[in-house]
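Notes follow once the structure below has been shown.
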């Protein structure tokens, strides 16, 4: 269906008129006409940031769906400029999301290696018969931690949770999570050192 003004079709309307029309009537054809004028620009921005043609094509469709809810919520003076910002932010969020997953894996791996190396220094595992003692000592020291420290240590190192996931699962704020991890690691080190001294 086409909306008509005297002597004009929807294709001849200015951006501002189409914006007002969509915001008042929520007609997707109106938004589609407006968006189609700048799809090539949206695709170009996506390609610049995402570096992948297929991902960029998908992003063009995702951004259109985003506009359905976003356009009515904003006072938009220049649709082209506003759309450029929306597109850029969408791409940055996608990149951040991808990077977060990679960083999460790297962070866990690095921390796990550092943590286990520190345990190895405290309790060198040179022989198989020592392994059970090491595990038992670690478990015993973890159990001695304060509840929040114990929870954060277990979730971060043994359940592969990232900071945000621990925040969600425990209700602690992110600074508390980091503090509990830092203090928990320090207390574990002290506990294991004491156990090691006691064995000598």
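Every read-out reported here was derived from the displayed coordinates using simple, explicitly stated rules and does not represent laboratory data. Note that the coordinates shown come from a computational prediction; the quantities given were computed from them, not determined experimentally. Here the Cβ positions follow ideal geometry from the backbone for every residue, glycine too, while neighbour counts run over all protein chains shown.
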For 87, 170, order by how many other beta-carbon atoms lie within 10 Å, fewest first: 170, 87
Inter-probe distance in nm under a simple model that places probes 7 Å from Cα toward Cβ, at residue 66 and residue 84: 1.6 nm
Distance in nm between pseudo-label sites at residue 16 and residue 169 (7 Å out along the Cβ direction from Cα): 5.4 nm
Residue order, fewest to most beta carbons within 10 Å, for 27, 173: 173, 27
Bins of 10 Å from zero: percent of alpha-carbon pairs in region 10-96: 18, 52, 25, 5
Taking 76, 174, 63 and counting other C-beta atoms within 10 Å, the order from fewest to most: 174, 76, 63
Region 129-195, Rg to Rh (Cα coordinates; Rh as Kirkwood inverse mean 1/r): 1.02
